[in-house]
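The values are calculated or read from the model by the stated rules, or taken from the named source; none is laboratory data. If you're wondering where the values come from, they're calculated on a predicted model, not measured in any experiment. Neighbour counts are summed over all protein chains in view; Cβ atoms, including those assigned to glycine, are modelled from backbone coordinates with ideal geometry.
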Amino acid sequence: MFIYRARVFDTPSDPFAGGALRSDSDVAIVVDDGQIIARTDFAAAAAKHSDAEVVDLRAGVLIPGLIDTHVHYPQVRAIGYLGMPLLDWLDHCALPEETKLGDEAYASAVAGDFLTGLTSAGTTSAMVFGSHFASAMDTFFSQAAEVGLRITSGLVTSDRILPEPLLTSVEKSVSESQGLIDRWHGQGRLRYAVTPRFSFSAGQELLAAGGQLVADNPGIWVTSHLNENRDEVAGVAEMFPEALDYLDTYDRAGLLNRRTILAHNVHPSDRELARMAEVGAASAHCPTSNSNLASGFFPLRRHIETGVRVALGSDVGAGTGFSLLKEGVQAYFMQQLDPSGGLPLTSAHLLHLATAAGAQALELSDEVGDLSVGKRFDAAYIAPAEGQPLAVGLEHASSDEDALAKIFAMGTPADIARVWVDGEPVKG
Ligand SMILES: [Zn+2]
């Protein structure tokens, strides 16, 4: 048993629905077998649990583990290419790298790089866009299980437009996907997601085969891309003349439900937003990627007003790194700049988007997303080195909301000293 004595920030009540930051300057979180069994003042906790090991974290700030709802495992080595729109970026940067994962040794090294990227950044749960190669997915799931993160992921499927090594057939995609589901879905903290790359590179039969997998395997997830770039949206409309819109290409294939997370949705129609709200599908908002590829301004206000769930994604490697602190502040920047009128965000909104909202999108709210009694202890400890600007900022912050804003403005993975999943350390 452990007592974590800390300054704690979390958002159990949604700031988008009138909630506010919950901040405690000195509170004891009692963790037994990975679960938070008490959250109280230190004297009471120490008296009641005299056998517990006390971990003093008052030099920094403890937050819930960060949750990344869109991040590509095969693209960790493709981060940092600048200056191209989506379809050029895929052709020149992402897809050549992704073809290399057909080599098992290469895929194994990339999986290690990728998982280190997540844990370093304080990410404890993620919807991970997988590889086109089943062998690379086995390697990834196996390493993810060893590290211990809460990972939902699956084989990426495409049967047109992409380079030949990345293409599959309906039959092959079904047999490989079912094998991966049988081997990995529900193993420890792992879950499977049917993952067509996007309708732009997946024909109707391939999409429908994914929908059949969802019907045959209750509880599995779906993830893909939606409405990222205007050329892509126009291309999909041309390829699927019978579909109502881009979202409908997934919907009519049986891929749209409460366990569906769609990345980007920068250019949605009102019908698409209403349909996502109706079925409970979530958008993964990836602001550094949207900025890097000049995809556009994410219509956060329209999502919130329509009741569509939104969480943050880093979209490595079009995004510029694994830090959800950076994604949070970039989301804030883009809402500030949106010429059509963005939604003003406070630091509490940013923390919510990076933690509790991700837990909701991944249907993990009963377990993680905040540091309340009954939750699993997934947490990140932010402790900048003494004298660094973030440490100075935290010391002189005018309020807890201000301190949290400084964490988003200045925090980097180097400031995240320790990370736990289920009470087990995964960093530090
Ligand atoms: Zn993506």
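Structure summary
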| quantity | calculated |
| --- | --- |
| Enumeration of residues in the range 14-31 that are surrounded by 15 or more Cβ atoms within 10 Å (Cβ to Cβ) and touching a strand residue (DSSP E or B) at 6+ places or on another chain (Cβ under 9 Å) | Phe16, Leu21, Arg22, Ser23, Asp24, Val27, Ala28, Ile29, Val30, Val31 |
| Subset of the range 218-271 [under 25 Å from Lys172 (Cα atoms), surrounded by 17 or more Cβ atoms within 10 Å (Cβ to Cβ) and among the polar types (S, T, N, Q)] | Thr223, Ser224, Thr249, Thr260 |
| Enumeration of residues in the range 272-292 that are surrounded by fewer than 18 Cβ atoms within 10 Å (Cβ to Cβ) and touching a Lys or Arg at 6+ places or on another chain (Cβ under 8 Å) | Val279, Gly280 |
| Residue within the range 195-205 that is part of a helix (DSSP H, G or I), free of Cβ contacts under 8 Å to residues at least 60 places away in the same chain and more than 16 Å from the ligand (Cβ to nearest atom) present | yes |
| Residues of the range 293-308 satisfying the condition of being over 25 Å from Leu256 (Cα atoms) and either of a type in the set (D, E, K, R) or surrounded by fewer than 24 Cβ atoms within 10 Å (Cβ to Cβ) (or both) | Ala294 |
| Hey, Ala47 assigned by TED's automatic domain parsing to the domain that holds Asp402 and loosely packed, with under 15 Cβ neighbours inside 10 Å or not | yes |
| Count - residues of the range 66-108 that are surrounded by 16 or more Cβ atoms within 10 Å (Cβ to Cβ) and under 12 Å from Phe140 (Cα atoms) | 7 |
| Hey, Asp378 more than 16 Å from the ligand (Cβ to nearest atom), of a type in the set (Asp, Glu) and out of contact with any Ser or Thr (no Cβ under 6 Å at 6 or more places or on another chain) or not | no |
| Only listed residue being within 18 Å of the chain's Cα centre (by Cα) and either surrounded by fewer than 18 Cβ atoms within 10 Å (Cβ to Cβ) or assigned to a helix (DSSP H, G or I) (or both), chosen from Thr139, Thr119, Thr124, Thr152 | Thr119 |
| Qualifying residues in the range 286-301 (those that are in contact with a Leu (Cβ under 6 Å, 6 or more places away or on another chain) and not in a loop (DSSP other than H, G, I, E, B)) - the one farthest from the ligand (Cβ to nearest atom) | Arg301 |
